[in-house]
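Notes to accompany the following structure.
The values are calculated or read from the model by the stated rules, or taken from the named source; none is laboratory data. These figures come from a predicted structure and were not determined experimentally. Using ideal geometry, Cβ is built from the backbone for each residue, glycine included, and neighbour counts are taken over all protein chains shown.
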Amino acid sequence: EAFVRVSVDSAINESQTSGRWFGHYLSTLGYRSDTWGQWLQELEEEIMSLRTGLPKEEPYPFLPGRHCAQCRYRDMGQKKGCWADHQEASDSISDSLSRMHIFELPGHGNETLVQDGVLFVDQLESDPAADLPSAFTIPWRREEQIRQETQHPKAIQEALLHQTLEQLQKLPRPFHFLDFEAVGFPIPQREGDRIYDPVLFQYSCHTWDGDSSSDSISLSHTGWLDEEGVTDPEAVLVDHLVSNPALQKGTIIHFSPFEPQHLRKIAKRWRKEGPPKGFEQANDSLQAWMAKKGGRNFVDCLTLVRDGYHHARMHGKLGLKPLIGSLLTSKEATEPITRLSEEQMGFPGEWLLEGGYEKSPVSDGETAMHTYLMIRMAQKSGLKEVSRASLTHPTESHAELIQQMKQYCALDTFAMYLAFHHWLRVGEITVY
């Protein structure tokens, strides 16, 4: 019975969130959005009727673990889920959703704490604050997060280590902030590919001269998106990227190793098998970019954040969204937004000032991938419009979806620019 109840909860949640993607696929096959909406409503009613028929005496099991760090109930903030239903969690405070639980802490030892009856971080005692380390390790971030949650007077609000600032200052200018979007196909699109091998279909790049003291900001944006469903989107993307005169000098900044790793993979394949017909010059440029000696200089922004930057509003997380979320709380960090045009940023500036990624209809890589697949499928089916989520959103044209994808990708690269601009402007800092 407990298993059935958990399964029903999951099914309802999927029908309200991930289930919308099934609606996308139905719409591309020619189904009317109102038919899909009626079908989903009937499905939810059937699930609810099944749920009401179950006995309610025994609650479903409360088994806290690492999976709790990604709890969709807590992420949505609309349903309490098992944490609020559990006696120990609900008795200690009325709203357990507002507290950081143990499994949101980085590092090891969380399972042992739960066995000792500790469910929330504010139940722990914080260690005295120590001097700043030479690099922010996971154990340091763990202890610092405990200091934050227990309101320790020496909890650090923001810190940029001297070593990280020194590294930034030595990097060759200009800076090119690069981000790729990729899709994995269940049926390989090229000979030699495995199932779900990533295929690039979009990139965004912001270029900045690196001068944080100038009154005028030298920032430009470029990018490419497979809007027409070309035969080999990766080849066209690489050609567009490596042939851009503005990108031939300076440092390429990315967030995670994916960008340089995938470019090396393409370069290796073209070196072994030869480039696609018509892309010989692009291959020459790519091989020069990825050469071990004399190639382009790539720097991982994630490594810089992990080793040298801390902000309390990131809550111990190291992703690009927590990073930009922390910067948006600072008037000084967001000041460049007010001086830049939409053309320079690639999206409306008020998006960041009013809520960050939440303002973007395409708000993460998974959504971008699904949107791209929807457009491709709709193009093959001859449809002019695609239903985004038939229960709550109107049908949108290809042009609207394409614009949203471009703006989302630009958000990622602009976020890296904003971080670099902030770091170089404030310098080495420690704010308690």
Would you be able to say whether some residue in segment 316-335 is in contact with a strand residue (DSSP E or B) (Cβ under 6 Å, 6 or more places away or on another chain) and either modelled with pLDDT of 85 or more or more than 25 Å from Ser256 (Cα to Cα) (or both)? yes
All positions within segment 148-199 that are of a type in the set (D, E, K, R) and surrounded by fewer than 19 Cβ atoms within 10 Å (Cβ to Cβ): Lys154, Glu166, Lys170, Arg173, Arg190, Glu191, Asp193, Arg194, Asp197
Within segment 94-113, how many residues turn out to be in a loop (DSSP other than H, G, I, E, B), over 16 Å from Arg147 (Cα atoms) and at pLDDT below 85? 2
Being touching a helix residue (DSSP H, G or I) at 6+ places or on another chain (Cβ under 7 Å) and at pLDDT below 95 is the filter; apply it to segment 229-246 and report the residue that is surrounded by the most Cβ atoms within 10 Å (Cβ to Cβ). Gly229
Hey, can you tell me all the residues within segment 184-220 that are in contact (Cβ under 8 Å) with a residue 24 or more places away in the chain, out of contact with any Pro (no Cβ under 7 Å at 6 or more places or on another chain) and of a type in the set (A, V, I, L, M)? Leu219
Can you tell me how many residues within segment 229-253 are without any contact (Cβ under 8 Å) to a residue 12 or more places away in the chain and either of a type in the set (S, T, N, Q) or part of a loop (DSSP other than H, G, I, E, B) (or both)? 3
Looking at segment 260-273, can you tell me whether even one residue there is closer than 30 Å to Glu144 by Cβ and in contact (Cβ under 8 Å) with a residue 60 or more places away in the chain? no
Residue check, Glu259 against (1) farther than 25 Å from Leu320 by Cβ; (2) acidic (Asp, Glu); (3) within 26 Å of the chain's Cα centre (by Cα), all met but one. Which one? (1)
Any residue in segment 274-286 that is closer than 22 Å to Lys249 by Cα sitting within a Cβ distance under 8 Å of a residue that is at pLDDT below 95 and in a helix (DSSP H, G or I)? List the pairs, counting only those 6 or more apart or interchain. none
